[in-house]
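Data block below; observations after.
Each value in this text was obtained by applying a stated rule to the coordinates, not by laboratory testing. The model shown is predicted, which means the values in this text are computed figures rather than measured ones. Cβ atoms come from the backbone with ideal geometry, glycine included; neighbour counts cover every protein chain shown.
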């Protein structure tokens, strides 16, 4: 790994380690080391350096929301009456467990949020009783996702 102009450049070994862990984060380090032809300690050192450089920012288990009954995913464009209301609106949205992501955007909306609900009735309830009651929210525009067709990370 090299740092050039505050940007990290990773070598082929780092890429092989990252690809293996991105495919399955539970892959044993020694298995990765054997496949690459280096020691387990070397893999650990490289991973520690990549974490310190903030290229790796965590690891997590991915929960399948459908198994828990969350079958409706929607994207909601939120219009605020004033841009200065953004921090308070985001704080209020953060209190709604169904809100998975919030993005400050250019264009017509002030915010674009991703929400997971059990069904359309649940979505309507969240919209009417939680999101649209936030101070400063003037209106919303909702897009229901019928099917997520691509889900990936940046290629290394």
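For the stretch 117-156 and the stretch 63-95, what is the separation of their Cα centres, given in Å?
Taking the Cα centre of each part, the stretch 117-156 and the stretch 63-95 sit 6 Å apart.
How high is the relative contact order of the chain, given as a whole-number percent (alpha carbon pairs under 8 Å, six or more residues apart)?
Here the relative contact order equals 23 percent.
For the stretch 65-145, what is the convex hull (Cα atoms) projected area averaged across all directions, in square nanometres?
4.8
7 Å from Cα along Cα→Cβ at both residue 81 and residue 104: what's the point-to-point distance in nm?
Going from the residue 81 label point to the residue 104 one covers 2.1 nm.
Under 8 Å for C-alpha pairs, at least 6 residues apart: give me the relative contact order for the stretch 65-156, rounded to a whole percent.
Here the relative contact order equals 42 percent.
Mind sorting 67, 156 by how few other Cβ atoms lie within 10 Å of their own Cβ, fewest first? Each step should come with its number before you reach the end.
Details: 67 7, 156 12.
The order, fewest Cβ neighbours first, is 67, 156.
Kindly put 78, 99 in sequence by how many other C-beta atoms sit within 10 Å of each C-beta, fewest to most.
The most exposed by this proxy come first: 99, 78.
7 Å from Cα along Cα→Cβ at both residue 22 and residue 51: what's the point-to-point distance in nm?
So the label points at residue 22 and residue 51 sit 2.0 nm apart.
Once Rh for the stretch 2-52 is found with the Kirkwood sum over Cα pairs, what is the Stokes-Einstein diffusion coefficient at 10 °C and 1.306 mPa s, in µm²/s? Please list the in-between numbers first.
On the way: Rh = 11.3 Å.
The Stokes-Einstein estimate is 140 µm²/s.
Where does helix 12-23 land angle-wise versus the long Cα axis of the chain, in degrees 0 to 90, nearest 10?
Compared with the principal axis, the helix lies near 50 degrees.
Compute the long axis of helix 40-52 from its Cα atoms, compare it with the longest principal axis of the Cα atoms of the chain, and write down the angle in degrees, 0 to 90, nearest 10.
40
Compute the FRET efficiency between residue 6 and residue 152 as 1/(1 + (r/R0)^6), taking r as their Cβ-Cβ distance and R0 = 35 Å, and round to the nearest 0.05.
The calculated FRET efficiency here is 0.85.
Over the stretch 38-113, what is the relative contact order in percent, taking alpha-carbon pairs closer than 8 angstrom and at least six residues apart?
Answer for the stretch 38-113 is 28 percent.
Please arrange 155, 82, 130 by how many other C-beta atoms lie within 10 Å of their C-beta, fewest to most.
Arranged by neighbour count, lowest to highest, 155, 82, 130 become 155, 82, 130.
How far is it, in nm, from the label point at residue 44 to the one at residue 60 when both lie 7 Å from their Cα along the line to the Cβ?
2.7
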